[in-house]
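Everything on this sheet refers to the single structure shown next.
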Amino acid sequence: MAFPQGIDFRSTSAYVTDPTDHTYEISTTANYPRTSAQGNTVGWETITGTLNGRDRSTSVDARIAGLIFNSSTTGNMTYRIDLPSSGSYLIKGAAHDAITGVKDTKLEVSDTTTLLVTAWDQASMVFLEPVDITNVKMAASSWPSGQGSRTLTWSTTIARFKLTQPTSGGTQNFPFISNIYIESAGETFIPRVLFMGGANT
Amino acid sequence: MSALQNFRLVIQTIQNLENLRTDMVNNANEHLTMLANGVEIDKIAGFINDCATEYLKRIQWQQSILDTPLRRSNLSAGLAIIGSSLAEVGAVATPIRNRALELAAAPKKTAEDITAACNIILTNVEKSDSVWPE
C-alpha cells in the first residue's frame, strides 16, 4: 500500500488528468475490492439507491472536476479505503458541483463502524464553489492549496466514507461527493547525529 | 451455513477475482500512461510494487478460504449452486497469482523495465467482459 491516496469522483476517466497520487472513481456500482493504480484497495462497498457520475468542468482543479451522486432521495453510499495499518491519518475532501449547485449531502467518516467525524451536514447547501472537509466554502481556484484537513485516528484498517441525507433534511436530497484524500499522519522525524565526541568516523 | 450464506461467498469470490483481473489490466495501462507523462521511474516502480502486493493480498483472501476446511466446504457448496467448483476458481486464481508474482519480481529500474513489467499483465491477463463501461 502506498499512501497518500486521492479519489476523484466523476463520470469519465479521461475527462481530466488526475495528479499522480490520485485515481479516478467512475464506478456507479459496488466495486470493492478495487486496487488503485497507487496500490491501495478501495471502492464502493455498499450502495442504497442509484449512483450517477457527472463530469462538470475542466476549468477547475482535476480533483474536483466531477462528482458522483445518488439519485434516490432516500439513498446513501459508502466508499471504503483500506489502510496500511491502524494509526493517525490526515484526510481532505471536497463536495463541489460547478453546474447544479444546490444539494443536500452529509459525509460520515468511520473507523470500520465507529463514527469519527461528519462534514457537509447542512440542508440545501450551495456547492457551486467547493466545500472542504472542514465545511469551509471557498473559490474553486483557492481549494487546491487553501482546503482544510482533519487528522483522525483509526484503531482498525478500514476507513469508510458514507454519503447520506443531511440530518435536517432538505429539498435536493441527492448525497454526492467530488473528492477524498487520505495520507498517513503518523510519520515521525528522527534527526540524525552525524558527529559525536568530535570523532568523524 | 445456509445456501444464501454460502452463495455470498461465491458472489464475493467472483467480485474479488473478476475485479482483480480488470484492476490489473487497468493499472498496467495507467502505469504506462504515467510513464508517457514523465512521472519518475522510482515513483511508478513503487506504485507497481504496491499494486503487486495488493493483488497477492486479494489472492490470499481466496487461499485463506481454501485453507480452512469449513469455509472451503461452504464455498464449494455455494459454487455447486451455479454448477461451478473450487477447481474452476483455482483455474482463475492461479494464473493471476503467477502474473502478480512475476510483476513483483520484475526489474523496474528503467523505462524499458516499466514497460516490460506492465506488458507481463497486458499480454497475459484478460480483462473480463462487462455489461457497463469500466
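The values are calculated or read from the model by the stated rules, or taken from the named source; none is laboratory data. As the structure is a prediction and not an experimental result, all values here were calculated from the model. Note that each Cβ is placed from the backbone with ideal geometry, even for glycine, and that neighbours are counted across all protein chains shown. Keep in mind that these areas ignore ligands, DNA and RNA; they rest on the heavy atoms of the full protein, side chains included. Shrake-Rupley method; radii C 1.70, N 1.55, O 1.52, S 1.80 Å.
Scanning region A:96-105 for residues that are surrounded by fewer than 23 Cβ atoms within 10 Å (Cβ to Cβ) and touching a residue at least 60 places away in the same chain (Cβ under 8 Å) yields a count of 1.
Going residue by residue through region B:86-98, is there one that turns out to be among the β-branched types (Val, Ile, Thr), open to solvent by 30 Å² or more (accessible area, probe 1.4 Å), assigned to a helix (DSSP H, G or I) and without any contact (Cβ under 8 Å) to a residue 12 or more places away in the chain? The answer is yes, given that some residue of region B:86-98 is among the β-branched types (Val, Ile, Thr), open to solvent by 30 Å² or more (accessible area, probe 1.4 Å), assigned to a helix (DSSP H, G or I) and without any contact (Cβ under 8 Å) to a residue 12 or more places away in the chain.
When we screen A:Gly93, A:Gly53, A:Gly75, A:Gly39 for residues that are away from chain B (no Cβ under 13 Å), surrounded by fewer than 23 Cβ atoms within 10 Å (Cβ to Cβ) and of a type in the set (Gly, Ala, Ser), the only hit is A:Gly75.
Every listed requirement among (1) within 27 Å of A:Ser13 (Cα to Cα); (2) within 13 Å of chain A (Cβ to nearest Cβ); (3) in a helix (DSSP H, G or I); (4) open to solvent by 20 Å² or more (accessible area, probe 1.4 Å) is met by B:Glu112 save one, (2). Taking the listed residues A:Val60, A:Val109, the one that is away from chain B (no Cβ under 13 Å) and assigned to a loop (DSSP other than H, G, I, E, B) is A:Val60, with no other qualifying.
Report yes if A:Ala30 is of a type in the set (Gly, Ala, Ser), surrounded by fewer than 19 Cβ atoms within 10 Å (Cβ to Cβ), over 30 Å from A:Ser155 (Cβ atoms) and free of Cβ contacts under 8 Å to residues at least 40 places away in the same chain, otherwise no. Against the criterion (of a type in the set (Gly, Ala, Ser), surrounded by fewer than 19 Cβ atoms within 10 Å (Cβ to Cβ), over 30 Å from A:Ser155 (Cβ atoms) and free of Cβ contacts under 8 Å to residues at least 40 places away in the same chain), A:Ala30 does not qualify. Would you please name the residue that is nearest to B:Ala104 (Cα to Cα), looking only at residues in region B:1-52 that are of a type in the set (Val, Ile, Thr) and within 10 Å of chain A (Cβ to nearest Cβ)? Among those that are of a type in the set (Val, Ile, Thr) and within 10 Å of chain A (Cβ to nearest Cβ), it is B:Ile48.
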